[in-house]
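Values in this text are rule-based calculations from the coordinates and carry no lab data. For clarity, every value in this text was computed on a predicted model and none was experimentally measured. Backbone-built Cβ (ideal geometry, glycine too); neighbour counts: all protein chains shown.
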Amino acid sequence: MYRLVIALALLAALPARAEGPLEFALIDATANVKVAEFAKSEKDFPQLKTGLWTIEKRLLHGGKQEGVELIVVNNGKLEFGVSPTRGMSVAFLKHVEGDEYSLGWKSPVKELVHPQFIDLESRGGLGWLDGFNEWMCRCGVEFAGHPGKDEFTTNTGEKGELTLTLHGKIGNTPASQVTFSIDEAPPHRLRVRGSVFERSFHGPKLRLDTEISTVPGSLSVEISDRVTNLGGGPQEFQLIYHTNYGSPILEQGSKIFGALQSLQPMNDHAAKSVKEWNLCAGPTPNFVEQVYLAKAAGNAAGETSIMLENSKGTKGASIAWNVKQLPYVTIWKNFAAEEDGYVTGLEPGTGFPFNRWVERHFDRVPKLKPGHSREFALSFRVLPDEQAVREERERIEDLQRGTPLTVTPTAPQVPVFGKAAE
């Protein structure tokens, strides 16, 4: 029996098929297979003649990260880590060629926390924050946004109430299938794929299929997601790409540039600083977060982009996506002391991070028919020098041209659960 288990593990690390991409199965819940150790580099595929790259599957130990799996990909210029244990979130992104620096932030949560240590309902539904430290984590997919009450139809057909927790469950749900592949054809894209399920009896039956990929020697990471309704009836879903940047790109004087149609503060506190929505402050003790809600502007094809650049315009990072897939973007400014989490978030989404009941009121909760899917594609770019920053800024200016930004200085009137909006 022991030899059989070893043989299965070895088979799982072999190419899944001979033709097409060179693909390796790393996790498969259906086959009850998990590859404990996996490492590849360009040296394993000399026939492809790529630049330098590596991939390594790691198992983390100690504290609340005990048992967390992390897949680390290095394309020669960038390094990032994908966590199958945490819903295929991207734990970190680093620029590793020459001037090394992180694109992420320094959360007070230091370990990559295993979901078994997360109680989403703790602190009034804020338990999600006990594991919040990734560079990019998805909020969703059954629901996203603030904790609070919502309505639903019970199994007896009656109207009921349920309490939603902060930002949903997908980021604390381990992936059921994970593979790695490299394209045989140039430019030999490296692909980490995974499938994560949110399913329940008398509840949602949703599948997230994701691909996080990069090209050796490039300065970008691409994410392609598909959300599918596996149920026999229509199903709501929400998805926000909570992408978080800290120093050195975020600093006193950093600026946010985005192609936007409209923008308004999320609440009265943010409204006080709405004129400075795109300006960043340095670390400030006791800072109260500010959130701004924007509708993205795109060109005829729907392409849009948002960027954070440092104070001198010599480093930056951007996100490009399609407004037909993700019409909205949330700008989260949390300029707290470094010890408390100095960070700003650029968050493309299907809606804003209000509670789902509120989002439904504003018609921002999409619904999938049985068996239907929605796809989302984003490109996360690292801008390592002044020229790259300038070119991205000019690109955003071109996207903005012809679409004047409308800034509403006051927060939206949000309905109270169970009551009609005023």
Looking at region 379-387, is at least one residue closer than 22 Å to Glu97 by Cβ, in contact (Cβ under 8 Å) with a residue 12 or more places away in the chain and assigned to a helix (DSSP H, G or I)?
yes
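Can you give me the number of residues within region 130-148 that are part of a helix (DSSP H, G or I) and within 15 Å of the chain's Cα centre (by Cα)?
Here is the first cut: in region 130-148, the ones part of a helix (DSSP H, G or I) are 130-131.
Now restrict to residues that are within 15 Å of the chain's Cα centre (by Cα): 131.
Adding up the residues that qualify gives 1.
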Residues of region 149-191 satisfying the condition of being over 30 Å from Ser122 (Cβ atoms), touching a residue at least 24 places away in the same chain (Cβ under 8 Å) and either in a loop (DSSP other than H, G, I, E, B) or among the charged types (D, E, K, R) (or both):
Asp183, Glu184, Pro187, His188, Arg189, Arg191
Of all residues being of a type outside the set (S, T, N, Q) and in contact with a helix residue (DSSP H, G or I) (Cβ under 9 Å, 6 or more places away or on another chain) in region 365-411, which is nearest to Ser220 (Cα to Cα)? Just the residue, please.
Arg381
Restricting to region 246-277, name every residue that is under 27 Å from Glu303 (Cβ atoms), outside any loop (DSSP other than H, G, I, E, B) and under 25 Å from the mean Cα position of the chain (by Cα).
Lys255, Ile256, Phe257, Gly258, Leu260, Gln261, Ser262, Leu263, Gln264, Pro265
Here are some residues: Gly67, Gly124, Gly76. Which one is part of a helix (DSSP H, G or I) and either out of contact with any Ser or Thr (no Cβ under 9 Å at 6 or more places or on another chain) or surrounded by fewer than 22 Cβ atoms within 10 Å (Cβ to Cβ) (or both)?
Gly124
Which of the residues belonging to region 217-244 are surrounded by fewer than 23 Cβ atoms within 10 Å (Cβ to Cβ) and either among the hydroxyl-bearing types (Ser, Thr, Tyr) or part of a loop (DSSP other than H, G, I, E, B) (or both)?
Gly217, Ser218, Leu219, Ser220, Ser224, Thr228, Leu230, Gly231, Gly232, Gly233, Pro234
For Ala301, work out the one condition from (1) buried (at least 21 other Cβ atoms within 10 Å of the Cβ); (2) over 14 Å from Arg393 (Cα atoms); (3) hydrophobic (A, V, I, L, M, F, W, C) it doesn't fulfil.
(1)
Scan region 132-179 for residues that are among the aliphatic types (A, V, I, L, M), crowded, with 24+ Cβ neighbours inside 10 Å and more than 30 Å from Val35 (Cβ to Cβ) and jot them down.
Ala144
Is it the case that Ala337 is closer than 18 Å to Ala377 by Cβ, more than 18 Å from the chain's Cα centre (by Cα) and surrounded by fewer than 17 Cβ atoms within 10 Å (Cβ to Cβ)?
no
